[in-house]
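The values are calculated or read from the model by the stated rules, or taken from the named source; none is laboratory data. Please read these numbers as outputs of a predicted model, since none were measured by experiment. With ideal geometry, Cβ positions are generated from the backbone for all residues, glycine too; neighbour counts draw on all protein chains shown. All accessible areas refer to the heavy atoms of the entire protein, side chains included, with ligands and DNA or RNA removed. Shrake-Rupley method; radii C 1.70, N 1.55, O 1.52, S 1.80 Å.
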Amino acid sequence: MDERTIRKILAEPPLGEELAVHGWLRTIRHSGGLSFLAVNDGSSPAGLQVVCEQSLPGYDHLVKQLATGCALRCRGTLVESPARGQDVELRASAIELLGGADAATYPLQKKRHSFEFLRTIPHLRPRTNALAAVARIRSCLSFAIHAFFRERDFIHVHTPLITTSDCEGAGEMFTVTALEPEQLGGKNPFAADFFGRRAGLTVSGQLQAEIYALALGRVYTFGPTFRAENSNTSRHLAEFWMVEPEMAFCDLACDMAVAEDLLRTLVGRVLDECGDDIDLFDRFIDRGLRQRLEAVRVTPFARISYSEAVQTLEGSGRSFQFPVSWGMDLQAEHERFLCEEVAGGPLIVTDYPRQIKPFYMRQNDDGRTVAAMDILVPGVGELVGGSQREERYDLLRTRMEEAGLDLDAYSWYLDLRRYGSAPHAGFGLGFERLVQFVTGMANIRDVIPFPRTPGSAPC
RNA sequence: UCCUCGGUAGCUCAGCUGGUAGAGCAGGUGGCUGUUAACCACCCUGUCGGGGGUUCGAGUCCCUCCCGAGGAGCCA
């Protein structure tokens, strides 16, 4: 692994040097006795042009075998390119075919494919420009998230994937069981199960993150979450990744400030580190993407309370499919109008009616709203949902009773308010929605390597 | 889960009021000493999603099932 990646070679071209490059052939063009290979090794959207002359050892035999998709080792000298289209190219002295790809059956072609088709070949689609760029941006964002929190003294906590406590209002859980299907009948089959009670895959790490926030101050968790909801949209997955900071001694204003800082920092990081990939999305997927991201980087987010939002919608003169009134949840059309037409960019909506929000959100002094906030972004909708948590024992207990929760099962959660309770707040950021926002990709199934949706988990 | 629109060649699609399927790209063969979605010539490609029905005759009309997409709900 001592060879330089193509990304490194293109960034600082070692002109005149002998190089060895590994990669996959994207296209091959013959012109008389010359062959031009576009070789890509995954390190950058740009590939390296490798030029083969007829004098190359084994040229006639070799060129017949080379086709889109084959794996190659190319040796040669890096030279300035005499033709337009690239600055440098590799003048080949030896080409070694490591793994062939039969052109007649290989599903990927030089031309563009629909994302819908690519979803049918999840084992091959990362070899396309767009899916490879998504993978690089995911990786960049993932590292940037850890860097952001680390720089601010947050502790990364690994919350459990298997859990026995549901986070109320967060959708349906996948059951985790060691029982055989035929053992699942009867009144309480899980008493004989691995954990002695019903367990499931986590729908959120929030409640466990709160435990650690009330011990370590600032924590975050970043991992997969699972929802067994039968939702079939371009913004939902059954398995998705979520970033969930939880901060003690932090109120709603602090919560919003951290979330906004995080988003704008991440966008800046991607612009700095994945500029070539962003250009690819800007050109082929979402025109104007780069400009929008540059604006997000430097412009503070607009803010509006739920009550102001309802007034704005009522006074807009628009006719909505769902009429607006105080107390109802904002519909997708309302969020889109507020975010895309009123704010023209990311928008934070705060202080929702308490009856439409979960039990753990902190009640405001007006008695009818809670200290909640959602961040809406154009094209994606809700990217972040967060709140200040109810730290007052009596108020929390009352709300849990109202919600019909089993207080025994959540006694540990109440204990956090009985011993050393402190104001605290947190939020959840949908990682795939962030990748959608940053890449302009229309469908969430194309911003995660292996999308899990109702009826679909192919490999 | 509901609503809407789709499923025709390897891919992207066309196919009219029913008459027996065709373009581009990909692939193959040949040509071209600087190509860039290369180009030029020729050639090949089909259980029209599955099943049932109407009809002399169905890609086209009807029923049904499966799959996909968009939107809604729910949410991140």
Checklist entry - Which members of the range A:319-358 meet the condition of being charged (D, E, K, R), more than 13 Å from A:Val380 (Cα to Cα) and within 8 Å of RNA strand B (Cβ to nearest atom)? => result A:Asp329
Next on the checklist: Out of A:Ser44, A:Ser35, A:Ser55, A:Ser81, I need the residue that is open to solvent by 40 Å² or more (accessible area, probe 1.4 Å) and not β-branched (Val, Ile, Thr). Which one?
Outcome noted: A:Ser55
Checklist entry - Restricting to the range A:423-434, what's the tally of residues that are open to solvent by less than 10 Å² (accessible area, probe 1.4 Å) and out of contact with any Cys (no Cβ under 9 Å at 6 or more places or on another chain)? => result 5
Item to check | Some residue of the range A:188-203 being open to solvent by less than 60 Å² (accessible area, probe 1.4 Å), of a type in the set (A, V, I, L, M, F, W, C) and in contact with a Gly (Cβ under 7 Å, 6 or more places away or on another chain) | outcome: yes
Checklist outcome for this item: Among helices (runs of 4 or more DSSP H) completely within the range A:286-393, the ones holding 1 or more residues that are of a type in the set (Gly, Ala, Ser), open to solvent by 50 Å² or more (accessible area, probe 1.4 Å) and more than 18 Å from A:Leu262 (Cβ to Cβ) are A:332-336
Next on the checklist: I want to confirm something. Restricting to the range A:99-126 and keeping residues that are of a type in the set (A, V, I, L, M, F, W, C), open to solvent by less than 90 Å² (accessible area, probe 1.4 Å) and over 27 Å from the mean Cα position of the chain (by Cα), which single residue is nearest to RNA strand B (Cβ to nearest atom)?
Outcome noted: A:Ala103
Item to check | the range A:430-441 residues that are near RNA strand B (Cβ under 9 Å from one of its atoms), paired with ones that are open to solvent by 10 Å² or more (accessible area, probe 1.4 Å) and charged (D, E, K, R) (beta carbon under 7 Å, 6 or more apart) | outcome: A:Arg433/A:Arg235
Checklist outcome for this item: Residue pairs qualifying under the 9 Å Cβ cut-off, at least six apart or on distinct chains, with the first in the range A:448-459 being open to solvent by less than 60 Å² (accessible area, probe 1.4 Å) and part of a loop (DSSP other than H, G, I, E, B) and the second being more than 10 Å from RNA strand B (Cβ to nearest atom) and at pLDDT 95 or above, are A:Ile448/A:Val134; A:Ile448/A:Arg138; A:Ile448/A:Val435
Next on the checklist: Residues that are under 24 Å from A:Thr128 (Cβ atoms) and away from RNA strand B (no atom under 11 Å from the Cβ): does the range A:54-64 have at least one?
Outcome noted: no
Checklist outcome for this item: Residues of the range A:30-47 being in contact with an Asp or Glu (Cβ under 9 Å, 6 or more places away or on another chain) and within 11 Å of RNA strand B (Cβ to nearest atom), in sequence order, are A:Gly33, A:Leu34, A:Ser35, A:Phe36, A:Ala46, A:Gly47
Next on the checklist: I'd like the residue in the range A:78-88 that is assigned to a loop (DSSP other than H, G, I, E, B) and touching a residue at least 12 places away in the same chain (Cβ under 8 Å) and, out of all such residues, is nearest to RNA strand B (Cβ to nearest atom).
Outcome noted: A:Gly85
Next on the checklist: With closer than 23 Å to A:Leu252 by Cα, under 20 Å from the mean Cα position of the chain (by Cα) and touching a residue at least 40 places away in the same chain (Cβ under 8 Å) as the only criterion, which of A:Leu416, A:Leu383 stands out?
Outcome noted: A:Leu383
Item to check | Inter-residue pairs, beta-carbon under 6 Å, first touching a residue at least 24 places away in the same chain (Cβ under 8 Å) and in the range A:61-77, second buried (at least 19 other Cβ atoms within 10 Å of the Cβ) and of a type in the set (Ser, Thr, Tyr), 6+ apart | outcome: A:Val63/A:Ser35
Item to check | Verdict on A:Arg91 being touching a strand residue (DSSP E or B) at 6+ places or on another chain (Cβ under 6 Å), without any contact (Cβ under 8 Å) to a residue 60 or more places away in the chain and more than 27 Å from A:Pro126 (Cα to Cα) | outcome: yes
